[in-house]
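What follows is a set of notes on a single structure, which appears directly below.
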Amino acid sequence: MPHVITQSCCSDASCVYACPVNCIHPTPDEPDFHTAEMLYIDPVECVDCGACVTACPVDAIKHDGSLEPTERVFLELNADFYKEPRPRALLAPVVPPLQVRAPGAVSVAIVGSGPAAMYAADEVLTIPAARVRMYERLPQPGGLARFGVAPDHRRTRAVSRQFDTITADPRLELVTGVEIGTDITHQQLLREHDAVIYAVGASTDRPLEVPGADLPGVSSATRFVAWYNGHPDFTDATFDLSQPRAIVIGNGNVALDVARILTTDPERLAGTDIAPHALKALRQSKIEEVVVVGRRGLAQSAFTVPELVGLTSMPDVDVVVSTEHLASLPETDPRAHILRDLPRRPGNRRIVLEYLQSPTAIARTAAGLEVEFARNELVAAADGTTKVKSTGETHSITAGLVLTSIGYRGRPVADLPFDDALGTVPNDQGRVDGVAATYVTGWIKRGPTGFIGTNKSCAQETVRALVADYNAGLLA
């Protein structure tokens, strides 16, 4: 296989359009694009031209001869994706350029400065006479690309170079330290611009609703991530790292990120962008084990395979999964290949992956925080899906720190409708329901799904709706 996509794939599809033989899939127009954990290169069709390597914003694509030993699993993952033939065109369909009616001087305000906002700005600025003013509450732009990506994911964080290029465009004005709804109203934005795009993400955590969830020592993984990334709202946060065990409730990519940071040798983090106050605290940490707990089974894990590869590649940390949980994986599941026969090395810190357990209460004891878990089982539902059912058995685990990582949700936006159940602003292809000249993109539009690059196709849809409305005279 000439080229291979590896762990840091951000799924922004730049490589798809650079490929001259359409050998990278799924493409944004294919139905599985939004659910795929990463993109994949067809080992048979790849002509080894290297165009994808140049196009990738996060250096995720390598020649097969330059793969590290821990990356060779991606040879199999890329090849497995193409075991079944995929019907495809000679070239991936290219998104046609935006065109606006004369005079074409579109002025757009964008609220937020994370990946969704940056991709929206990039799309608007394909119109030669367009102008963008981007508003960010914090002193620095970047959103989750700056404050949500783990500092040791250097290649993923490299997407910020692409965003720096976008903000360097003289037609984009970046306004920091300004909060829309407090410092400036939505109505003021509409008076000064043809349209407003909100790209404010899903900035709050889904709460853990069990007794004791508000005890000192219990926090969210989101707060912990923001703390070690130097988010100005969380620099004064404190976390108890004085006990040998921490518990992370939830098992998505963020859960694995915090487990990895808690167990990584701090000297390996010293050369990263980790916040100095966090590095100092981690150097004094006594944590030896992190237990990551999911309410469903191993086969239903929320983390992606690339994230798991990164976790199991750590030389000074052992990943532990019981044989009972491993037995639940079919041989065809790539996680089975990754998790079986993992080494156990004396003196290493440990990350223990536990499954089929739901927290029911948290209590403070002399030994620390005692988390009670109910044991679960998977049962087949009438609709053919698999459901979680409590067995009635409980057990407890004691730790000094408990972090919850059970999902994000959006917050209401001033002067816009809000769907409290979904945590999103109701919209049709980005057009906010019932509010003229107002649009959404990113997680506040579709909910907390996808990856950094998924926001690119999401932003394209929103901006195309905006331009269609502008051309129809609806934004006057």
Hey, among Ala237, Ala221, Ala195, which residue is in contact with a helix residue (DSSP H, G or I) (Cβ under 8 Å, 6 or more places away or on another chain) and surrounded by fewer than 21 Cβ atoms within 10 Å (Cβ to Cβ)? Ala237
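Residue by residue through segment 1-55, note down the ones that are β-branched (Val, Ile, Thr) and outside any helix (DSSP H, G or I).
Of everything in segment 1-55, those that are β-branched (Val, Ile, Thr) and outside any helix (DSSP H, G or I) turn out to be Val4, Ile5, Thr6, Val21, Ile24, Thr27, Thr35, Ile41, Val44, Val47.
Within segment 71-93, how many residues are in a loop (DSSP other than H, G, I, E, B) and among the acidic types (Asp, Glu)?
So the answer is 1.
Those residues that are in a loop (DSSP other than H, G, I, E, B), small (Gly, Ala, Ser) and touching a strand residue (DSSP E or B) at 6+ places or on another chain (Cβ under 7 Å), I need them from segment 227-279; list them, please.
Step one: list which residues in segment 227-279 are in a loop (DSSP other than H, G, I, E, B), which gives 229-244, 250-252, 264-265, 270-275.
Applying the additional criterion that residues be small (Gly, Ala, Ser) yields 230, 237, 242, 250, 252, 270-271, 275.
Hit for segment 227-279 is Gly250, nothing else.
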Please enumerate the residues belonging to segment 373-387 that are open to solvent by less than 80 Å² (accessible area, probe 1.4 Å) and either under 22 Å from Val210 (Cα atoms) or of a type in the set (Ser, Thr, Tyr) (or both). Phe373, Ala374, Asn376, Glu377, Leu378, Thr385
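Just a yes or no: is a residue in segment 59-66 among the aliphatic types (A, V, I, L, M) and either farther than 19 Å from Asn22 by Cβ or open to solvent by 20 Å² or more (accessible area, probe 1.4 Å) (or both)? Please lay out each step first, then the result.
Going through segment 59-66, the residues among the aliphatic types (A, V, I, L, M) turn out to be 60-61.
After this cut, where a residue has to be either farther than 19 Å from Asn22 by Cβ or open to solvent by 20 Å² or more (accessible area, probe 1.4 Å) (or both) as well, the list is none.
Looking through segment 59-66, none of the residues is among the aliphatic types (A, V, I, L, M) and either farther than 19 Å from Asn22 by Cβ or open to solvent by 20 Å² or more (accessible area, probe 1.4 Å) (or both).
Report yes if Arg133 is in contact with a Ser or Thr (Cβ under 8 Å, 6 or more places away or on another chain), open to solvent by 30 Å² or more (accessible area, probe 1.4 Å) and either under 17 Å from Gly453 (Cβ atoms) or of a type in the set (D, E, K, R) (or both), otherwise no.
Values: in contact with a Ser or Thr (Cβ under 8 Å, 6 or more places away or on another chain): yes; open to solvent by 30 Å² or more (accessible area, probe 1.4 Å): yes; either under 17 Å from Gly453 (Cβ atoms) or of a type in the set (D, E, K, R) (or both): yes.
Criteria met by Arg133.
Could you say whether any residue in segment 412-424 is among the aliphatic types (A, V, I, L, M) and either touching a Ser or Thr at 6+ places or on another chain (Cβ under 6 Å) or not in a loop (DSSP other than H, G, I, E, B) (or both)?
Narrowing segment 412-424 to residues among the aliphatic types (A, V, I, L, M): 413-414, 416, 421-422.
From what's left, either touching a Ser or Thr at 6+ places or on another chain (Cβ under 6 Å) or not in a loop (DSSP other than H, G, I, E, B) (or both): none.
Scanning segment 412-424 turns up no residue that is among the aliphatic types (A, V, I, L, M) and either touching a Ser or Thr at 6+ places or on another chain (Cβ under 6 Å) or not in a loop (DSSP other than H, G, I, E, B) (or both).
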Quick count over segment 417-440, residues being in contact with a strand residue (DSSP E or B) (Cβ under 6 Å, 6 or more places away or on another chain) and either open to solvent by less than 30 Å² (accessible area, probe 1.4 Å) or under 19 Å from Ser11 (Cβ atoms) (or both), is 8
Name, by its number, the condition in (1) over 25 Å from the mean Cα position of the chain (by Cα); (2) not in a strand (DSSP E or B) that does not hold for Leu311. (1)
So which residues in segment 340-372 are open to solvent by 40 Å² or more (accessible area, probe 1.4 Å), part of a strand (DSSP E or B) and in contact with a helix residue (DSSP H, G or I) (Cβ under 9 Å, 6 or more places away or on another chain)? Arg349, Arg350, Glu354
Looking at segment 136-165, which of its residues are open to solvent by 30 Å² or more (accessible area, probe 1.4 Å) and either of a type in the set (Gly, Ala, Ser) or free of Cβ contacts under 8 Å to residues at least 12 places away in the same chain (or both)? Ser160, Asp164, Thr165
Got a number for residues in segment 437-472 being more than 23 Å from the chain's Cα centre (by Cα) and touching a residue at least 60 places away in the same chain (Cβ under 8 Å)? 8
Failed item, numbered, when Pro87 is tested on (1) touching a residue at least 12 places away in the same chain (Cβ under 8 Å); (2) open to solvent by 50 Å² or more (accessible area, probe 1.4 Å): (1)
State whether one or more residues within segment 174-181 are surrounded by 15 or more Cβ atoms within 10 Å (Cβ to Cβ), touching a residue at least 60 places away in the same chain (Cβ under 8 Å) and either assigned to a helix (DSSP H, G or I) or hydrophobic (A, V, I, L, M, F, W, C) (or both). yes
Filter segment 101-129 for residues that are touching a helix residue (DSSP H, G or I) at 6+ places or on another chain (Cβ under 8 Å) and open to solvent by 40 Å² or more (accessible area, probe 1.4 Å); which is nearest to Val463 (Cα to Cα)? Asp122
Spot the failing condition for Val95; the list is (1) open to solvent by 60 Å² or more (accessible area, probe 1.4 Å); (2) among the hydrophobic types (A, V, I, L, M, F, W, C); (3) within 25 Å of the chain's Cα centre (by Cα), and only one is missed. (1)
Has segment 127-142 got at least one residue that is touching a Gly at 6+ places or on another chain (Cβ under 9 Å), among the small types (Gly, Ala, Ser) and at negative phi? yes
Filter result for the condition that a residue is within 30 Å of Ala55 (Cα to Cα), in contact with a helix residue (DSSP H, G or I) (Cβ under 9 Å, 6 or more places away or on another chain), open to solvent by less than 30 Å² (accessible area, probe 1.4 Å) and not in a loop (DSSP other than H, G, I, E, B), over Leu403, Leu466: Leu466
Looking only at residues in segment 67-83 that are under 21 Å from Ala13 (Cα atoms) and without any contact (Cβ under 8 Å) to a residue 60 or more places away in the chain, which one is surrounded by the most Cβ atoms within 10 Å (Cβ to Cβ)? Phe81
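The values are calculated or read from the model by the stated rules, or taken from the named source; none is laboratory data. The model shown is predicted, which means the values in this text are computed figures rather than measured ones. Heads up, the Cβs are rebuilt from the backbone with ideal geometry, glycines too, and the neighbour counts pull from every protein chain shown. The protein model used for the area step is the full one, side chains on, heavy atoms only, and it has no ligands, DNA or RNA in it. Shrake-Rupley method; radii C 1.70, N 1.55, O 1.52, S 1.80 Å.
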